[in-house]
Amino acid sequence: MSFEEMYENRIKFIDDLFISVHCSIDKMPKFGINENDIEKIYKKGKLYISKCEKPNKISISLYNGKKRTTQVIVVRFGYDHVRVVTVWEQKGKL
């Protein structure tokens, strides 16, 4: 399956979205991102090809115009779930 196909099929897994411990303990508090923000990035974000890896890892980014930052999440697809591996925020657009 290509990155684009995984990106298109991501909405099927919205109910089975899990956040890794590394992400929830280390990254989310550091950048002030909560679970609602992660869901918003997952639903509305764009595919960020340069951080994608075969066979099951894609990256999704979303630009926040008010804060002038881009939030990026990296997700891994399992058989019946999606796990958010990490999240970060950077200034400006990608």
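The values are calculated or read from the model by the stated rules, or taken from the named source; none is laboratory data. All values reported here derive from a predicted model rather than from experimental measurement. Neighbour counts run over all protein chains shown; Cβ positions are idealised from the backbone, glycine included.
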- Task: For the stretch 15-31, enumerate the residues that are out of contact with any strand residue (DSSP E or B) (no Cβ under 7 Å at 6 or more places or on another chain) and touching a residue at least 40 places away in the same chain (Cβ under 8 Å).
- Result: none
- Message: Residues to consider are 9, 56; find the one that is at negative phi, of a type in the set (S, T, N, Q), surrounded by fewer than 17 Cβ atoms within 10 Å (Cβ to Cβ) and in contact with a Lys or Arg (Cβ under 9 Å, 6 or more places away or on another chain).
- Response: 56
- Out of the residues in the stretch 19-44 that are surrounded by 18 or more Cβ atoms within 10 Å (Cβ to Cβ) and out of contact with any helix residue (DSSP H, G or I) (no Cβ under 9 Å at 6 or more places or on another chain), which is modelled with the highest pLDDT? 41
- Take the stretch 43-94 and flag every residue that is part of a strand (DSSP E or B) and in contact (Cβ under 8 Å) with a residue 60 or more places away in the chain. 75, 77, 82, 83, 84, 85, 86, 87, 88
- Scanning the stretch 62-78 for residues that are crowded, with 18+ Cβ neighbours inside 10 Å and under 11 Å from the mean Cα position of the chain (by Cα) gives 62, 71, 72, 73, 74, 75
